[in-house]
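**Q** This structure is in structure tokens; I'll ask about it shortly.
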Amino acid sequence: MRHHTEQIHYELLEIPVDASPFEIRKAYQELFELYRDDSIAAYSFFSAAERMVIISALERAYLTLIDVAARRNYDDHLIERGLMEEGKRYQDRSKEPVPMYNLRRSPYAETMGPAIPSSVKKADTGDSPVATVFDKDILTGADLKKIRIEAGITLEQISLQSKFKIGLFQSLEEDRFELLPPLAYLKGILKSYANCIDIEADHVIQSYVRHMESGKGK
Amino acid sequence: MKQAISSIWPIGGGKGGSGKSFLTGSLGILLARDGYRTLLIDIDFGAANLHTMIGLPHPEKSLSDFINKRVPSLEDTVVETPFPGLFLISGAMNNLDVANLAHEQKMKILRSISKLSYDFILLDLGAGTAFNTIDFFMISDTGVFVTTPEPTAIENIYRLIRSVYFRKIRQVLNVHNFRALAMEAEEQNPRATVTNPDLLLHIIKELDPEKGDILERELRAFEFSLVVNQCHRQDNPNIGPLICRIIQRHLTIKMKFLGNIAFDDRVHNAVCKKMPFLDLYPYTQTALDLREYGNRVAETKCGIRDSMVPARP
């Protein structure tokens, strides 16, 4: 804390350097109340001369900061002495429109970010060992699992991204058809599954449905 | 005996009759009822009356027994009070020269107090700014200043706070061998004596920033509290916060406002009946204020400063 005779105007009024005129006026009123002649609270704490010094300093600070041009000069002076940063200067925004509501929609998924980082995604229908599995006419749950693990994606990630329950994908991979929903819904689930691993969705749906129809499920 | 660190709260006020003993007694009763082992020590030498305030007209032992070496330790002068958990060291009676305590005796009492083991030790100090009063503020980081919202009391409370502050600075300067620095500061600006503490601190900081920082840190470690007692309805309830603000702005110490205690005529009745006000009139605004103030004190339990108690030579 600097001694009060050396404080800059903002420190004297105990306000931030970007205070608005309203804050300046309020701070000045409060402090004037504290130091004024018939204030009981300050009674006998200061001699008459000390009080005069303080009150006149307060007045000088207030009159400088409340005047737009004088304040600009004073701020320039402070910036020159390195006591204030250029960016901290008060800007009158009272005439600018103020957004009252945040109208931009921010759905849950957007705030969360994608569950699967894009770096992990890699299409592996090329010449990898998975490709031979993928090209079969019939895709079993075990085949899908193989492809998924090759892609390095967990069921939790798929569940998070697709918003389906994780149990559905488990049933899918374990070929437990009795736990799967009707075909119309199943197609959607398979599609999300395929999209998450970045393989061709139509092919997955057709092959898996064929696998179900062949009745090899447990 | 377990050696817990006691919270020592000196309670002082510049002016007589501002309610120091009343507040000490009530606070002691409240803390004891909250389950804290609390000791009241009456240090208003020569005008002791705390024992009467808590309904104990004839304490059989008192502080003068210790000063006159009739008992070996301060612990032996503790008497029980009608309230469970509340103990008293009376400052009473029979010794006319106790009012003018010699320095060595005072130091002996200070050392003994800091060795006592209670949850709270409340010191009821006398009015005025005699060294006998001020030095008991040196024992702790905390302390309560009691004032009333009248210019006379406020004038005296400022005088007391300045004296305590002045004494603290002196003490810090002595402990750290800053004497030479203080002399130099005084040479540079004749107004920078310890009586003008903020200017002195300022000049010391300029001369030797490192030691100035130590001094400032030491001073900032103290946290005093203010209570405005006998607040009438027509009084401005903001006087307390305003006083704290002035002190924080101009002296480098923390000053916390603990609250206003409403004025009540019936306090007089309670004192005359020698019964605790809190029991006689538990549902008054004053009792409500007292309980709130008691809770705030209980919240801020804090330790004593061992370094500040002068070691035995």
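Here, each number is a calculation from the coordinates, and none is a lab measurement. On a predicted model such as this, the values are computed, not experimentally measured, just so you know. Cβ coordinates were reconstructed from backbone atoms using ideal geometry, including for glycine residues, and neighbour counts include every protein chain displayed.
**Q** Taking 2.2 N^0.38 Å as the expected size of a compact globular protein, what ratio does the Cα radius of gyration of the protein assembly as shown give against it, to two decimals?
**A** Here the Cα radius of gyration is 1.55 times the empirical estimate.
**Q** Step through the residues of region B:58-73 one at a time and calculate ³J(HN,Hα) from phi using the Karplus curve (6.51 cos²θ - 1.76 cosθ + 1.60, θ = phi - 60°), rounding each to whole Hz and writing x for Gly and Pro.
**A** 10, x, 7, 10, 8, 4, 5, 4, 6, 5, 8, 6, 7, 10, x, 9
**Q** Now a separate question. How large is ³J(HN,Hα) for each residue in region B:134-143, as worked out from phi by the Karplus curve 6.51 cos²θ - 1.76 cosθ + 1.60 (θ = phi - 60°), to whole Hz, x for Gly and Pro?
**A** Per-residue couplings from phi come out as 4, 5, 6, 6, 6, 6, 9, 6, 10, x Hz.
**Q** Working out 0.36 nm times the residue gap between residue A:51 and residue A:29, then minus their Cα-Cα distance, what length gain in nm do you get to one decimal?
**A** Full-extension gain reported as 6.4 nm.
**Q** For a quick check: with amide H placed at 1.01 Å from N, whose amide H comes under 5 Å from residue B:143's, ignoring anything fewer than 5 positions away on the same chain?
**A** B:225
**Q** What is the order of B:133, B:38, fewest Cβ neighbours within 10 Å to most?
**A** So the ranking, lowest neighbour count to highest, is B:133, B:38.
**Q** Shielding by partners for B:238-251, please: the mean number of other protein chain Cβ atoms within 10 Å of each residue's Cβ.
**A** 4
**Q** Would you list which aspartates and glutamates come within 19 Å of residue B:274, measuring only between C-alpha atoms, while excluding same-chain residues fewer than 8 positions from it?
**A** Partners within reach: B:42, B:44, B:60, B:80, B:124, B:264, B:265.
**Q** Please find the FRET efficiency linking residue A:14 to residue B:208, where r is the Cβ-Cβ separation and R0 is fixed at 22 Å, and quote it to the nearest 0.05.
**A** That gives a FRET efficiency of 0.20.
**Q** Let me know the charge dipole size of region B:1-59 about its Cα centre in debye, to the nearest 20, where only the beta-carbon of Lys, Arg (+1) and Asp, Glu (-1) is charged.
**A** 120
**Q** Rounded to whole Å, give me the distance from the Cα center of region B:241-271 to that of region B:101-116.
**A** The distance from the Cα centre of region B:241-271 to that of region B:101-116 comes to 28 Å.
**Q** Moving on to the next point. By counting other Cβ atoms within 10 Å of each Cβ, how are B:136, B:120, A:32 ranked from fewest to most?
**A** Fewest-to-most Cβ neighbours within 10 Å comes out as A:32, B:120, B:136.
**Q** Can I ask one more? Could you size up the charge dipole of the protein assembly as shown around its Cα centre, putting +1 on the beta carbon of Lys and Arg and -1 on that of Asp and Glu, and report it in debye to the nearest 20?
**A** Magnitude of the dipole: close to 860 debye.
**Q** Only residues of region B:241-276 count here: report those whose backbone N is under 17 Å from the spot 7 Å along Cα→Cβ of residue B:49, or say none.
**A** Within reach of a label on residue B:49: B:264-276.
**Q** Determine the calculated [θ] at 222 nm for chain B from helices alone, applying -39500 (n - 2.57) to every DSSP H run no shorter than 4 residues and normalising by the residue count; nearest 500 deg cm²/dmol.
**A** The helix contribution divided over chain B gives -13000 deg cm²/dmol.
**Q** Once label points are set 7 Å from the Cα along Cα→Cβ at both residue B:104 and residue B:300, what is their separation, rounded to one decimal in nm?
**A** If labels sit at residue B:104 and residue B:300, their model points lie 3.8 nm apart.
**Q** Report the calculated FRET efficiency for residue B:180 and residue A:81 (r = Cβ-Cβ distance, R0 = 30 Å), to the nearest 0.05.
**A** Computed FRET efficiency for residue B:180 and residue A:81: 0.40.
**Q** Okay, moving on. Under 5 Å between amide H atoms, partner at least 5 residues away or on a different chain: which partners does residue B:39 have, H built in plane at 1.01 Å?
**A** When sequence neighbours closer than 5 places are left aside, the close amide H contacts are B:87, B:120, B:121, B:122.
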